[in-house]
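Remarks on the structure that follows.
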Amino acid sequence: MKFRALSLILIFLFASCIGVSSGCDSSNNVVIFAEEASYELNTMTARVGDVIEFNDNPFNVVPASLLDSCIFSSSNPSVASVDALSGEINCLSEGTSIIFGRAKSSQLTFIGDSFTLTVAQSLIYASGFTLQYENEIIVGLDGDAMFNIISLQGTGVNVMPTISYSVNGVATYNYENGLITPISVGEVNIFITLVIDEQTNLTKEFSVIVVDQILYIDAQTIYESTTNNMFYITYSVKDNTKENGLATVQIASAEIVSGESLIDIIQADFQAILIETFSVTGLAVVKLTYVADATITKNIGININ
């Protein structure tokens, strides 16, 4: 009888513990779910080999105490793989991937966000560069142009040089094709700076003197051509002292000063030069020299695609 009474008391106490929320550590059974979850950035760009840490684009969860329980994934793991627990991202190849972050919003549902990650080619630095001229170049305002071709040393280089000037408004320089464009009479030092690794810059310079020119060769500055093609470079020799604006002698000689492996001069006639392109693409430069005055020259670029 005493044993039965004791059993009834224990059952009563156990039932009381279940019925009272503050007792028997029942609070340990409460599960907290996420109310909000979002990335700070909608898009990011990186390069192959980069590691994107969690703090580079934080995944914000409310309440913040649930952050350690979030799950991360990538739509394209071959482009960008992500650590499922830490959210750290490794950029593996060029392309685009969507990065997902999720947190539980109930026993059966999740709340989350995503951002688009674009992975570009890794930086490829040149080991150095050379300039066709590293001294003084004289350019005439009257349509005369000069080239100073830059050659980057290395394969697949995608880190390009930057250009700066000692003064503005005299001339501009295009490193892509080497073209110097005169603007006004004067002198300018042109600086070419190339990053050759993450901590080293290489800078070279040349000066450009822009002068007025009365007698000059008038011709198109740049020609576009395809490989294995033949075309004419046409020109005329201008003389502003003449009533008709033309020099008495209208003949210029032609020579290849850059890109001998790209083109050949087939024929040089009165006001026309016949050019043949080979099967190699690139930039060639032909120099025209006025036969009556060897100081009058004109450089013509031929861009072969």
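Brief remarks on what is shown
- Karplus (6.51, -1.76, 1.60) ³J(HN,Hα), θ = phi - 60°, over the stretch 68-76, in Hz, Gly and Pro reported as x: 5, 9, 6, 10, 10, 8, 10, 6, 9
- Option label - log10 I(q)/I(0) by the Debye sum over Cα atoms at q = 0.11 Å⁻¹ computed here, alternatives [x] -0.67; [y] -0.84; [z] -0.92: [y]
- Proximal charge balance of ALA254 [Cβ under 14 Å; K/R count +1, D/E count -1]: -3
- Between the amide H of THR281 and any residue lying 5 or more places away or on another chain, no distance stays under 5 Å, with hydrogens modeled in the peptide plane.
- Neighbourhood net charge (15 Å Cβ-Cβ; Lys/Arg +1, Asp/Glu -1) for PHE129: -3
- The mean sequence separation of alpha-carbon pairs under 8 Å and at least six residues apart, normalised by the residue count of the stretch 128-191, gives a relative contact order of 34 percent.
- Candidates ALA37, ALA254, ALA64, ranked by Gaussian network fluctuation over the chain, Cα under 10 Å, top entry: ALA64
- Taking the Cα centre of the chain as reference, the dipole from Cβ charges on Lys and Arg (+1) and Asp and Glu (-1) amounts to some 1500 debye.
- Mean separation of Cα pairs under 8 Å and 6 or more residues apart, divided by the residue count, gives the stretch 215-304 a relative contact order of 35 percent.
- Calculated from backbone phi, Karplus (6.51, -1.76, 1.60) coupling profile of the stretch 40-55 in Hz, x at Gly/Pro: 6, 10, 8, 9, 8, 10, 8, 10, 4, x, 6, 10, 9, 7, 4, 6
- Helical contribution to [θ] at 222 nm, DSSP H n ≥ 4, -39,500 (n - 2.57), averaged over the chain, rounded to 500: -2000 deg cm²/dmol
- Looking at the stretch 187-280, the trypsin sites (Lys or Arg not before Pro) that sit in a DSSP loop and have at most 16 other Cβ atoms within 10 Å of their own Cβ are LYS242.
- Annotation for ILE32 and SER127: the two label points, set 7 Å from Cα along the Cα-Cβ direction, are 5.8 nm apart.
- Available extension along the chain between ASN305 and SER279 is 8.4 nm, counting 0.36 nm per residue and deducting the alpha carbon span.
- Of the residues THR248, ILE214, SER114, the one whose Cα sits farthest towards the positive end of the charge dipole of the chain is SER114 (charges of +1 on Lys and Arg Cβ, -1 on Asp and Glu Cβ, taken about the Cα centre).
- When you restrict to C-alpha pairs under 8 Å that are six or more residues apart and normalise by the size of the chain, the relative contact order lands at 11 percent.
- The chain: angle of helix 2-19 to the longest principal axis, Cα-based, in degrees nearest 10: 30 degrees
- Per-residue ³J(HN,Hα) for the stretch 289-305, Karplus 6.51 cos²θ - 1.76 cosθ + 1.60, θ = phi - 60°, Hz, x for Gly and Pro: 10, 5, 5, 8, 7, 5, 7, 8, 10, 8, 9, 10, x, 10, 8, 9, 10
- Straight-line cross-link partners of LYS298 among the aspartates and glutamates, defined as a Cα under 18 Å from its Cα and at least 8 positions apart when in the same chain: GLU136, ASP142, ASP144, ASP212, ASP218, GLU224, ASP239, GLU255, GLU260, ASP264, ASP269.
Readers should treat all values here as calculations from the given coordinates under stated rules, not as data from a laboratory. If you're wondering where the values come from, they're calculated on a predicted model, not measured in any experiment. Glycine also receives a Cβ, built like all others from the backbone with ideal geometry; neighbour counts cover every protein chain displayed.
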